[in-house]
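Comments concern the structure below.
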Amino acid sequence: AQRVLLSDLRESFLLAFVVIALVMIVVLRDIRSGLLTMIPNVFPAVVIFGLMGWCNIWIEIGSIMTASAAMGIAVDDTFHLLTWYRRGLRQQLSRRESVRFTVQRCAGAMAHTTLVCSCALLVFSLSSFMPIRRFAWLMATLLVAALVGDLILLPAILTSPLGKVLRAERASKRS
């Protein structure tokens, strides 16, 4: 039963990834841009669960459920950042200037949201029921990793040569 449940949770994470990627592709109107912006959305799960595996920390059923939830939460910040980034590009800012403009507008709100949600979840870390305690700590950690992915990784991608993919939309609107 546990193997079937873990398999179902893995499939649920992959399905969530596919659905979110499709939404990103539709919103950004480009397959490469949509897939590129999925990197910071899977970053928290890859890093945190990778570290757990590397440190031989047992991943239980309650823990694995957090991966899909964390990806869903990370998407919200990604959309927020991309909206402001595209506004900067429409104002004829360079990619680097647009990223600076975006981070100035979004970082505070994103950090506050992460702090509030993490603190709310950490209330459950006081539970005597160990699966709930682990869920709370893991979810709070994933939220912080999602913030790092969106405030450090995504701006790095946008200013790197990979970020030129998102600039293609602006050029096509002019022509």
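Quick check on the chain: helices-only [θ] at 222 nm, where DSSP H runs of length 4 and up contribute -39,500 (n - 2.57) each and the sum goes over total residues. Nearest 500, please.
-27500 deg cm²/dmol
Quick one: length gained pulling Gln91 to Ile59 fully straight, 0.36 nm per residue minus the C-alpha distance?
On the way: separation 32, 0.36 × 32 = 11.52 nm, distance 4.64 nm.
Stretched fully, the Gln91-Ile59 segment lengthens by 6.9 nm.
Which shape class applies to the stretch 1-65: rounded if a/c is under 1.5, otherwise prolate when a/b exceeds b/c and oblate if not, where a ≥ b ≥ c are the square roots of the Cα gyration tensor eigenvalues?
Cα axes put the stretch 1-65 in the oblate bin.
Once you put a point 7 Å from the Cα of Phe129 and another 7 Å from the Cα of Thr83, both along the Cβ direction, what distance in nm separates them?
3.5 nm
Using only Cα atoms, tell me the angle between helix 164-174 and the longest principal axis of the chain; keep it within 0 to 90° and round to the nearest 10.
That helix lies at roughly 40 degrees to the long axis.
Figure the gain on full extension for Met52 and Val23 (residue separation times 0.36 nm, minus the Cα-Cα span) and round it to one decimal in nm.
Length gained, Met52 through Val23: 7.5 nm.
Within 10 Å, at most 10 other Cβ atoms, and a DSSP state outside H, G, I, E, B define an exposed site. Report the longest part of the chain free of exposed chymotrypsin sites (Phe, Trp or Tyr not before Pro).
59-128
Return the FRET efficiency for the residue pair Leu162, Arg10: r is the Cβ-Cβ distance, R0 is 22 Å, and the value is rounded to the nearest 0.05.
On the way: r = 28 Å, r/R0 = 1.26.
In this case the efficiency is close to 0.20.
Convert each backbone phi in the stretch 113-119 into a coupling constant with the Karplus relation 6.51 cos²θ - 1.76 cosθ + 1.60 (shift: θ = phi - 60°), then list the ³J(HN,Hα) values in order as whole Hz, x for Gly and Pro.
Those phi angles translate into 4, 4, 4, 5, 5, 5, 5 Hz.
If a/c stays under 1.5 just call it rounded; otherwise compare a/b with b/c (prolate if a/b is bigger, oblate if not). Do that for the chain, with a ≥ b ≥ c from the square roots of the Cα gyration tensor eigenvalues.
It comes out prolate by the Cα gyration axes.
Kindly write out, for the stretch 49-58 in residue order, the coupling ³J(HN,Hα) from the Karplus curve 6.51 cos²θ - 1.76 cosθ + 1.60 (θ = phi - 60°), rounded to whole Hz, with x marking Gly and Pro.
Residue by residue, the stretch 49-58 yields 5, x, 5, 4, x, 5, 8, 6, 8, 5 Hz.
FYI, it's all coordinate maths here, none of it is from the lab. Since we're looking at a predicted model, the values are computed, not measured. Every residue, glycine among them, receives a Cβ derived from its backbone with ideal geometry; neighbour counts consider all protein chains shown.
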